[in-house]
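Data first, discussion second: the structure below is written as structure tokens.
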Amino acid sequence: MRIEDWKRGEKYAFVLGVFFLLFYLWTQSTSIYGGDGGDLVSAAFSFGVAHPPGYPLYTFLGWMLTKIPLYTIAWRVGLLSSISGAITLGMLFTFLFRLTKNALSTLIAVATLGFSYLFWLYTAVPEVFALHILISIFLFYLGWIYQETGRLKNLYACSFLFGLSLTHHHTILLLVPAFLILVWKRIHVKPNFISLPKIIGLFFLGLIPYVYVVIAAHTNPLLNWEDPKTLAGFVRLVTRAMYGSFRSTALFNLSLTDRLYHISLLFHSIYLDFTKVGLVVGVIGMVSIFFRRRLLFWVTSTAFLFSGPLYLIYAGFPYENNFHLGTIERFYLVPYLFFVFWIAFGLVEVNTWGIRITKRFLRIPIKLNILFVLLPLVLLLTNFSKIYSLKYDRTAENLGQDILRSLPPRSILIVSDDVVTMNTEYVYLASGGKAKNEDKILLHWGFMDRPFYNSVYAHVYPELGISLPSKSGSIFKDLVLQNYPSRSIYSTIPLDLGSKYWWLPYGLVYKLVSDKIDHLDFLKENDALFANYQNPATGALAIYPHLLLSEVKNRYADAYREVASILGVAQLNDATERYLNRSLELNSDDLLSKHELSRLYLREGKCDQVTALLEPLSDTGQATVETYSLLTEVYKSCFHNETQTKYYQSLYEQKVKAVERPLQ
């Protein structure tokens, strides 16, 4: 590439980067989105240790950004997303222009990524993925220059950057095969063993941000995952021992068929985010570089394959609900990055065909790639309202606020599951912790019997009287015995404490009780709680059903259903029906609420309402054993329809056999 063309490309890249920086800052969210965001922002704000592997680079940079006296804490940490996203697009333009030498095709491809829903989403919310994408494209750009020029300074930079990337997101390891393909020929042809110590030294220099988690742990923050003050804790944090390295969680073990299904989910997402046009152009580009740029083909296809299909199959993410799907989609961003290379070359190829055809038949060469300017513009118009609606949305944050508002002063709250825990953590810590929350105490159920976690609690909450080792064999039981009933104890899930205690649903939480309750008082208290809660169906979710945010809405639906189950036992039928209907308004797919409401209608003789609720489940293949049991009962005892009774009875028996059949 000529020097003047190179300088022109740099100017274009700079202008493009500035444009997207200003644009992303405009659309950036001022709150948390859901998923891991609450934990990451909370760790950054409190100088704490985030969930494994700790994300020290992100957390430390986020901690510095929280010192900026602008907007909200979440917005400040979110600058890591918007700034990283804009620089990524500028760097990507520079890289692709160097390869294609076609400014318009490169601009269209980069803008298509920039306005795609998923990429844009993760530049708007505080999360780790935009910075991960920036490091990835920077690493491959430097590697490509080294491959072209053989300049060791670029290889040195790659070594340092690779070390740094391991302090951020470990999935950078998935790109190692593609990177080795990129630089192997240069290293193999002209090995330089003298430079090896410097390369190794720079790699370890890049790991320095891990010092942050050790320093942070010594300050004994509330968020102190694995307590990495000790070597054992540090190793557990870095290796993600709690989850299983490179696995979504240690709790799921999907079959091979379920794992392979992830491939179709990935390509369906590409289809949705880049449209059919982008998908076709990408395939054309992939074929084009296979014949014209063989090295680039192997680099991009290997990176796509390892970071996309192979990783998703290996990780075995469950996909049972919106939270799972929202967790999965974030890992599509790296494959997206390399798919855009194919789009750029696909546009170049289409443009070449267009010039040849129009020159031959019309005698005038016409550049057809200009028509594809519509692609990023369509994505901009399609996705703008979806992303901009998150700018002032408080759905996830309000979940945490509503939970904390459900508690009286001096109470203890035990939180569980990521949706509840991380959003509540953010509200609790960002608002000032125990001192600013009426002496309320926040505990994490998943770690209560882990020595590292309880040493943290013993320091942060000395008034709880937690002693190690446990007196009863369970820190949780010690906590109850020493603090109840002088402190009210609440949990976001019902926990086993034996027959002496039980948990009653109060709004979004469960209250530990040991006495009988007055059901009318119970109803009044819950009516008052829910009246003061947000309506999670409004806000951003009224514009678009964002996956992780949708799971927040489902938590409210679950809470309505849990209260209804108590009201049903007390035979407060009108209130039970009201709560179950409210649950279904928030989550129309909730089978438990549909079954509970059907049982109520059956007792009241409202047979048509039962069939209206349940027969669509049978038609759409969503019916369970309980569904067919209820339909059999309603046609038998209510409609006295022998034919339909036998029909649903047979379906019930088939479903029972299918459920009981052992896995092959």
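The values are calculated or read from the model by the stated rules, or taken from the named source; none is laboratory data. In this text, all values refer to a predicted model and were calculated from it rather than measured experimentally. Reconstructed Cβ throughout: ideal geometry from the backbone, glycine too, with neighbour counts over all protein chains shown. Ligands, DNA and RNA are excluded from the accessible area calculation, which covers all protein heavy atoms including side chains. Shrake-Rupley method; radii C 1.70, N 1.55, O 1.52, S 1.80 Å.
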Handout entry: Candidates Asp417, Asp393, Asp402 - the one that is within 26 Å of Ala50 (Cβ to Cβ) and surrounded by fewer than 23 Cβ atoms within 10 Å (Cβ to Cβ)
Key = Asp417
Fill in the blank from the handout: Cβ pairs under 6 Å, 6+ apart or interchain, first in segment 167-183 and more than 12 Å from Val334 (Cα to Cα) and free of Cβ contacts under 8 Å to residues at least 24 places away in the same chain, second surrounded by 18 or more Cβ atoms within 10 Å (Cβ to Cβ) and among the hydrophobic types (A, V, I, L, M, F, W, C), ordered by first then second residue, are none
Practice task
Determine the pairs where a residue that is touching a residue at least 24 places away in the same chain (Cβ under 8 Å), located within segment 83-111, has a partner that is not in a helix (DSSP H, G or I) with Cβ atoms under 7 Å apart, the partner being 6 or more residues away or on another chain.
Solution key: Arg98/Met1; Lys101/Met1
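Going through Gly85, Gly90, Gly78, Gly38 one at a time, which residue ends up being part of a helix (DSSP H, G or I), over 21 Å from the mean Cα position of the chain (by Cα) and not acidic (Asp, Glu)? First the steps, then the outcome.
Working: Gly85 fails: over 21 Å from the mean Cα position of the chain (by Cα); Gly78 fails: over 21 Å from the mean Cα position of the chain (by Cα); Gly38 fails: over 21 Å from the mean Cα position of the chain (by Cα).
Residue meeting the stated conditions: Gly90.
If you check Val373 against the conditions, is it open to solvent by 60 Å² or more (accessible area, probe 1.4 Å), in contact (Cβ under 8 Å) with a residue 12 or more places away in the chain and under 30 Å from Trp353 (Cα atoms)? Quick ask: steps written out before the conclusion?
Details: open to solvent by 60 Å² or more (accessible area, probe 1.4 Å): no; in contact (Cβ under 8 Å) with a residue 12 or more places away in the chain: yes; under 30 Å from Trp353 (Cα atoms): yes.
When the stated conditions are applied, Val373 does not pass them.
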Practice task
Output yes when any residue across segment 599-611 is touching a residue at least 12 places away in the same chain (Cβ under 8 Å) and either closer than 30 Å to Thr257 by Cα or touching a Leu at 6+ places or on another chain (Cβ under 6 Å) (or both), and no when none is.
Solution key: yes
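Going by what's in this entry, would Tyr628 be described as more than 19 Å from Leu592 (Cβ to Cβ) and either of a type in the set (A, V, I, L, M, F, W, C) or at pLDDT 85 or above (or both)?
no
Across segment 302-353, which residue is nearest to Asn554 (Cα to Cα) among those that are β-branched (Val, Ile, Thr) and buried (at least 19 other Cβ atoms within 10 Å of the Cβ)?
So, considering only residues that are β-branched (Val, Ile, Thr) and buried (at least 19 other Cβ atoms within 10 Å of the Cβ), the one nearest to Asn554 (Cα to Cα) is Thr327.
Quick check on my filter: what residues within segment 103-118 are within 18 Å of Ile328 (Cα to Cα) and surrounded by fewer than 24 Cβ atoms within 10 Å (Cβ to Cβ)?
First, the residues of segment 103-118 that are within 18 Å of Ile328 (Cα to Cα): 116-118.
Hits for segment 103-118 are Tyr117, Leu118.
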Exercise for the section: Evaluate the following for Lys436: is it surrounded by fewer than 16 Cβ atoms within 10 Å (Cβ to Cβ) and free of Cβ contacts under 8 Å to residues at least 12 places away in the same chain? Expected result: yes
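Go through segment 195-220 and count every residue that is open to solvent by less than 10 Å² (accessible area, probe 1.4 Å) and closer than 19 Å to Met64 by Cβ.
Initial filter on segment 195-220 (open to solvent by less than 10 Å² (accessible area, probe 1.4 Å)): 195, 206, 213, 216-217.
Within this subset, residues satisfying the condition of being closer than 19 Å to Met64 by Cβ are 206, 213, 216-217.
Here the count works out to 4.
Just give me the residues in segment 129-158 being more than 28 Å from Leu118 (Cβ to Cβ) and within 31 Å of the chain's Cα centre (by Cα), in sequence order. Steps first, answer last, please.
Kept after step one, since they are more than 28 Å from Leu118 (Cβ to Cβ), are these residues of segment 129-158: 145-157.
Of everything in segment 129-158, just one residue is more than 28 Å from Leu118 (Cβ to Cβ) and within 31 Å of the chain's Cα centre (by Cα), namely Ala157.
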Completion exercise
All-but-one check, Thr538 against (1) surrounded by fewer than 20 Cβ atoms within 10 Å (Cβ to Cβ); (2) under 16 Å from Tyr506 (Cα atoms); (3) of a type in the set (Val, Ile, Thr), failing number (2)
Exercise for the section: Kindly establish whether Leu592 is within 22 Å of Asn321 (Cα to Cα), under 32 Å from the mean Cα position of the chain (by Cα), open to solvent by 50 Å² or more (accessible area, probe 1.4 Å) and among the hydrophobic types (A, V, I, L, M, F, W, C). Expected result: yes
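Residues are listed down the side, and each one gets a yes or a no for (1) assigned to a loop (DSSP other than H, G, I, E, B); (2) under 25 Å from Phe45 (Cα atoms); (3) in contact (Cβ under 8 Å) with a residue 12 or more places away in the chain:
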position	(1), (2), (3)
Leu205	no, no, yes
Leu254	yes, no, yes
Thr257	no, no, no
Asp273	no, no, yes
Lys276	no, no, no
Val283	no, no, yes
Thr300	no, no, yes
Leu305	no, no, no
Problem - Where a residue in segment 308-332 is more than 20 Å from Leu256 (Cβ to Cβ) and its partner, wherever it lies, is part of a helix (DSSP H, G or I) and hydroxyl-bearing (Ser, Thr, Tyr), with Cβ under 7 Å and at least six apart - result: Asn322/Ser550; Glu329/Ser269; Arg330/Tyr122; Tyr332/Ser269
Practice task
Filter segment 509-535 down to the residues that are over 19 Å from Glu585 (Cα atoms) and of a type in the set (Phe, Trp, Tyr), then identify the one that is least open to solvent (accessible area, probe 1.4 Å).
Solution key: Phe522
Exercise for the section: All but one of (1) in contact with a strand residue (DSSP E or B) (Cβ under 9 Å, 6 or more places away or on another chain); (2) surrounded by 19 or more Cβ atoms within 10 Å (Cβ to Cβ) hold for Ser565, so report the exception by its number. Expected result: (2)
Practice task
Sort out which residues of segment 595-627 are open to solvent by less than 40 Å² (accessible area, probe 1.4 Å) and closer than 13 Å to Asn581 by Cβ, and write them in order of number.
Solution key: Leu597, Ser598, Leu600, Tyr601, Leu613
Exercise for the section: Determine whether Leu504 is within 30 Å of the chain's Cα centre (by Cα), modelled with pLDDT of 80 or more and on the phi < 0 side of the Ramachandran plot. Expected result: no
Problem - Unique match (being assigned to a helix (DSSP H, G or I), over 30 Å from Thr352 (Cβ atoms), open to solvent by 10 Å² or more (accessible area, probe 1.4 Å) and modelled with pLDDT of 95 or more) among Leu121, Leu131 - result: Leu131
